Amino acid sequence: MIKPHGGKLINRVLPDNKKEKILNEYQEMAQLKVNNEVVEDLFNISHGVFSPLEGFMGEEDVESIIKNDRLANDLPWTIPITFDVSSETAKKYSIGDEIALINDDQVIGVLHLDQIYHYKKKTIAERIFQTLDNEHPGVAKVMSSNEKLFAGKIDLVNTAVKQYKEFTKYPSETRQIFKEMGWKTVVGFQTRNVPHLGHEYIQKTALTLVDGLFVNPIIGKKKKDDFLDPVILGAYNVLMKHYYRSDKSTMAILRTRMRYGGPKEAIFHSIMRKNFGCSHFIVGRDHAGVGDYYGPFDAHKIFENFPDLDIEPICFRSFFICEKCTGVVNDNTCPHDGTKYQKFISGKKIRQMIMNKELDGLVEYMRPEVAEYLVKEDELFVK
């Protein structure tokens, strides 16, 4: 099986005896309240999803990403994983502090603070997102962040999962599942949408090249009008139950927020799937993009800059329904007149039909069982 990024799967989950010690003593420690996004980062660092990171990035790694799209040790990395705090908050802590990180009145983890530095928000936003337009959700998120960054290794104390426990699998677990399935090669599929026939087409096409398919929906903060997490999971459950081989496919969630970073985020997404145990990763048209900020195939081209990434991208261009071919095809396989026979699979159009409960129209673009599930749902989108 493919090695984790950096060669070692990180584990920063404290053993039970050390957890107990923290739980008994954290009231006497320095404390800091954190939001759910920080908690997600804590879990992903601790369980190896962000391997080789052992904590929040220091200035040297962030500067290296800005300049070279690599960590300071020259390992490919494109999205800074940082922990921002206000200037007022930063003044309350000192280098060397062990800070209990609190969420919902529970200690989640401990930050071993070894650096406090200034957040170069404008520089990072422009480098990562290739724009400073505040309409870009990734830019808006960075520019509205606090002024200072805390860095240091972390330890996870509270491992309780609040939602979607049955879909929660971390890299050590997925790697074991792949091993038990007998999969040596696995293709990962990133999604934040409900599945239509185009998604099924690229997943199953990729599956012809490898031993297994790992569907890995992102669960976390998304932009307005994205599909709600339960709806995505429910729709994929229906699809995989009726149309996928159980010995060749599996699904687990990835808890992290979308950055909408286009090509840079495509590299970050592939690194996480490499840690899960995937040897291949599906990169679609305008992967992780938003609006018109990136070219439709920029996320394909960027992989040329990372020959040492190890995980192999499987890049798909456009796909559509051809009435003459009687199925989903792409621009390399269909010879027919586009104006006469081809129908582009429009996500916007599908969303509108779902909102309007247009079952007859939906079954042209997605499996009937999935369409039926979606039109019965009352709450569908992030508001």
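Just so you know, the Rg over Rh for segment 9-100 is 1.00, from Cα atoms, with Rh as the Kirkwood radius. A cut-off under 15 angstrom between Cβ atoms defines the neighbours of Asn17, and their net charge, with Lys, Arg +1 and Asp, Glu -1, is -1. Fewest-first ordering of Met181, Met251 by other beta carbons within 10 Å of each residue's beta carbon gives Met181, Met251.
What ranking do Thr185, Thr250 get, fewest neighbouring Cβ atoms within 10 angstrom at the top?
Numbers: Thr185 15, Thr250 20.
Exposure proxy ranking, most exposed first: Thr185, Thr250.
Under a 5 Å amide H cut-off, with hydrogens placed 1.01 Å from N, Gln31 pairs with Ala100 among residues at least 5 apart or on other chains. Karplus-based coupling profile of segment 307-314, in residue order and whole Hz: x, 9, 6, 6, 5, 9, x, 10, with θ = phi - 60° in 6.51 cos²θ - 1.76 cosθ + 1.60 and x standing for Gly or Pro.
Based on DSSP, what percent of beta bridges with both residues in the chain are antiparallel, to the nearest 5?
55
Here's how it looks for Phe281: its modeled amide H is under 5 Å from those of Gly188, Glu312, Ile314, which are all 5 or more places away or on a different chain.
Each 10 Å bin from zero up to the one holding the largest Cα-Cα distance in segment 113-236 carries the following percent of pairs: 10, 25, 31, 27, 7.
State the percent of C-alpha pairs, over all pairs in segment 38-175, separated by a distance greater than 21 angstrom. Cα-Cα pairs in segment 38-175 separated by more than 21 Å: 48 percent.
Please label the shape of segment 104-179 as rounded, prolate or oblate, based on the square roots a ≥ b ≥ c of the eigenvalues of the alpha-carbon gyration tensor (a/c under 1.5 means rounded; beyond that, a/b larger than b/c means prolate, else oblate). Taking the square roots of the gyration eigenvalues as a ≥ b ≥ c, segment 104-179 is prolate. In order along segment 30-45, the phi-based Karplus estimate (6.51 cos²θ - 1.76 cosθ + 1.60, θ = phi - 60°) of 3J(HN,Hα) comes to 4, 10, 8, 7, 10, 8, 5, 5, 5, 4, 4, 5, 4, 5, 5, 5 Hz; Gly and Pro are listed as x.
With contacts defined as alpha carbon pairs under 8 Å and 6 or more residues apart, what's the relative contact order of the chain in percent?
Numbers: 688 pairs, mean separation 65.3, N = 383.
With pairs under 8 Å counted, the relative contact order is 17 percent.
If you stretched the chain out fully between Leu359 and Asn17, how much longer would it get, using 0.36 nm times the residue separation minus the C-alpha to C-alpha distance? It would help to have the intermediate numbers written out before the result.
Working: separation 342, 0.36 × 342 = 123.12 nm, distance 5.50 nm.
Extending this stretch completely gives an extra 117.6 nm.
Taking a straight Cα-Cα cut-off under 19 Å and skipping sequence neighbours fewer than 8 places away in the same chain, the lysines within cross-link reach of Lys204 are Lys184, Lys241, Lys248. Per the Debye formula on identical point scatterers at the alpha carbon atoms of the chain, with no solvent, log10 I(q)/I(0) at q = 0.09, 0.14 Å⁻¹ is -0.55, -1.30.
Please report the projected area of segment 165-376's Cα convex hull averaged over all directions, in nm².
Details: hull surface 48.1 nm².
Spelled out: convex hull of the Cα atoms, projected over all directions, averaged, 12.0 nm².
For the pair segment 56-109 and segment 270-326, the centres of their Cα atoms are 29 angstrom apart.
Going down the table (Lys67/Lys153; Lys67/Lys221; Lys120/Lys301; Lys120/Lys224; Lys122/Lys148; Lys8/Lys274), which pairs top 19 Å between alpha carbons?
Values: Lys67/Lys153 23 Å; Lys67/Lys221 28 Å; Lys120/Lys301 27 Å; Lys120/Lys224 27 Å; Lys122/Lys148 13 Å; Lys8/Lys274 12 Å.
Over 19 Å apart, Cα to Cα: Lys67/Lys153; Lys67/Lys221; Lys120/Lys301; Lys120/Lys224.
Exposure proxy ranking for Thr339, Thr205, Thr78, Thr159, based on other Cβ atoms within 10 angstrom of each Cβ and starting from the fewest, stands as Thr339, Thr159, Thr205, Thr78.
Where does the charge balance sit around Asp84 when Lys and Arg score +1, Asp and Glu -1, over other residues with C-beta under 12 Å from its C-beta?
Working: positive: Lys120, Lys121, Lys141, Lys148; negative: Glu37, Asp41, Glu147.
Taking every other residue near Asp84 into account, the sum is +1.
Using each residue's phi in segment 209-222, evaluate 6.51 cos²θ - 1.76 cosθ + 1.60 at θ = phi - 60° and report the 3J(HN,Hα) Karplus result to the nearest Hz, with x for Gly and Pro. Calculated HN-Hα couplings, in order: 9, 9, 7, x, 10, 10, 7, 9, x, 7, 10, x, 5, 10 Hz.
Coordinate-derived values only; no laboratory data. What you see is a predicted model; the values in this text were computed from it and never measured. Here the Cβ is made from the backbone with ideal geometry for all residues, glycine too, and neighbour counts use every protein chain on show.
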